[in-house]
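For reference, the structure is listed below as structure tokens.
Each value in this text was obtained by applying a stated rule to the coordinates, not by laboratory testing. Not measured: the values here are computed from a predicted model. Methodologically, a virtual Cβ is constructed for each residue, glycine included, from the backbone with ideal geometry; neighbour enumeration extends over all protein chains shown.
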Amino acid sequence: MRALTLAVGLASAALAPSALEAAEPFEKVWCLRYATAPGAPLSLLLAGAPAEQKADVPFAMCVAQRGDYVVMLDAGYVNPELGKQFGVGDWTEYAGLLAEVGLRPDAVDYVTLSHMHWDHTGGTSRFPKAKFIVQRRELEYAAGALPHNSAAKGAFVAEDVLAVVQLNWQGRVLLVDGDVEAVVPGVDAYLTPGHTAGTMTVCLATVKGRVCYSSDAVYTYRNIEEDIPLGLALNAGEAVESYKKIRRILNGGRLIPGHDPSLFQDPKSLGFRKVSDHAVAIVE
Ligand SMILES: [Zn+2]
Ligand SMILES: [Zn+2]
């Protein structure tokens, strides 16, 4: 615990030029589609979309690598039966998924948890050696106030929240307060709330420049390009305010949204490359 506290303290004290300079950029970044909701209403992603518009919505995680240093962005979910209840299928086990890009779940050093919805935090058990990075506000809300909010709690699973609380007791959680650059080497974390209380956007320093994974703070490119509110947000106004912040922190980098069908259906149009059934290379 002591070492963790120290590490977080250093990171935040420092927005530190020395710490940032010490971090070598990531050499590779991939996004991995581990499940899909076929023919889902587009209005789930884009508020107000006509009922007849449908999309095959991807459920994905991303992963960044430099040598043997590996950081996952989100943990997905690992209960395919639960996914089916939400209309999500074609689930893929993580060992095979990561093998498509030459990685293993037990080689992951850190997992950033963008927020604690079931499809982003349900898979913590698959990363036995990792530490998890989450906004303090997200964990506190999910563990405390959320169970009393019947309108919001349906997209969370109590066991996922309890697992993160347990990991925290084991010294395996780094709590982030707001915006912390270099929270771990090469990773900047930002509070971009609205979708949930403490939704976090994560930006990576890579050999091809900055890459920011907004997860569900921005569901699709259209949300942020056309200022369309999210189909699901705990606080819709705050979520749209977070778009402004994300434009600012992008700082000329590439954005990876949480559930954009085009990322996997037509990665070439975005300047990315399909490398396997489930993987798209963002940086290589
Ligand atoms: Zn979500
Ligand atoms: Zn999601």
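Pulled fully out, how much extra length does the chain show between Asn235 and Ser125, if you take 0.36 nm times their separation in residues and subtract their Cα-Cα distance?
Details: separation 110, 0.36 × 110 = 39.60 nm, distance 2.94 nm.
Additional length available on full extension: 36.7 nm.
Note on Leu113, Leu46: ascending count of other Cβ atoms within 10 Å places them as Leu46, Leu113, the fewest first.
FRET efficiency for Glu140 and Glu226, Cβ-Cβ distance as r, R0 = 35 Å, nearest 0.05? Write out the running numbers ahead of the final one.
Numbers: r = 33 Å, r/R0 = 0.94.
It comes out at approximately 0.60.
Take the Cβ-Cβ distance between Arg247 and Arg273 as r, set R0 to 35 Å, and report the resulting FRET efficiency rounded to the nearest 0.05. About 0.85, to the nearest 0.05. Rounded to the nearest 20 debye, the dipole size of the stretch 68-181 about its Cα centre is 280 debye, using +1 on the Cβ of Lys and Arg and -1 on the Cβ of Asp and Glu. Note that the stretch 32-37 has calculated 3J(HN,Hα) couplings of 10, 7, 9, 6, 9, 9 Hz, one per residue in order, obtained from phi through the Karplus relation 6.51 cos²θ - 1.76 cosθ + 1.60 (θ = phi - 60°); glycine and proline are x.
Among Ile249, Ile282, which comes first, then next, by fewest other beta-carbon atoms within 10 Å?
Numbers: Ile249 19, Ile282 26.
Taking fewest neighbouring Cβ atoms as first place, the list is Ile249, Ile282.
Assuming charge only on the beta carbon of Lys and Arg (+1) and of Asp and Glu (-1), the dipole of the chain about its Cα centre is about 300 debye to the nearest 20. Model label points for Val207 and Asn79, set 7 angstrom from Cα along the Cα-to-Cβ axis, are 4.1 nm apart. Ordering Gly154, Gln265, Cys62 by Cα displacement along the dipole of the chain toward the positive end leaves Cys62 in first place; charges were set at the Cβ atoms of Lys, Arg (+1) and Asp, Glu (-1).
Cα gyration tensor of the stretch 39-95, axes a ≥ b ≥ c as square roots of the eigenvalues: rounded (a/c below 1.5), prolate (a/b > b/c) or oblate? Oblate shape, in that a/c is at least 1.5 and b/c is the bigger or equal ratio. Taking square-rooted eigenvalues a ≥ b ≥ c of the alpha carbon gyration tensor, is the chain rounded, prolate or oblate, where a/c under 1.5 means rounded and, failing that, a/b exceeding b/c means prolate? Because its axes are fairly even, with a/c under 1.5, the chain counts as rounded.
Would you mind checking the pairs Lys84/Lys268; Lys208/Lys244; Lys208/Lys268; Lys28/Lys131; Lys28/Lys129; Lys84/Lys153 and listing those with alpha carbons more than 28 angstrom apart? Could you put the intermediate results ahead of the total?
Working: Lys84/Lys268 30 Å; Lys208/Lys244 24 Å; Lys208/Lys268 16 Å; Lys28/Lys131 20 Å; Lys28/Lys129 21 Å; Lys84/Lys153 18 Å.
Too far apart for the 28 Å limit: Lys84/Lys268.
Measuring between their Cα centroids, the stretch 86-143 and the stretch 226-265 lie 20 Å from each other. Where a ≥ b ≥ c are the square roots of the eigenvalues of the C-alpha gyration tensor, would you call the stretch 94-155 rounded, which needs a/c under 1.5, or, failing that, prolate if a/b is larger than b/c, or oblate? Taking the square roots of the gyration eigenvalues as a ≥ b ≥ c, the stretch 94-155 is prolate. Exposure proxy shown here: for His148, His115, His278, the number of other Cβ atoms within 10 Å sets the order, fewest to most, as His148, His278, His115.
Determine the gain in length on full extension of the stretch Asp109-Glu93; use 0.36 nm per residue of separation and subtract their C-alpha separation, reporting nm with one decimal.
Values: separation 16, 0.36 × 16 = 5.76 nm, distance 1.90 nm.
Fully extending the segment from Asp109 to Glu93 adds 3.9 nm.
Taking a point 7 Å out from the Cα of Ala158 in the direction of its Cβ, the residues of the stretch 122-141 whose backbone N falls within less than 20 Å of it are 122-125, 139-141.
Helix-only arithmetic for the chain: the sum of -39500 (n - 2.57) across DSSP H runs with n ≥ 4, divided by the residue total, places the mean residue ellipticity at 222 nm at -7500 deg cm²/dmol.
Mind giving me the FRET efficiency for Asp266 and Ser150? R0 is 41 Å, r the Cβ-Cβ distance, nearest 0.05 is fine.
Values: r = 39 Å, r/R0 = 0.94.
So, using R0 = 41 Å, E works out to roughly 0.60.
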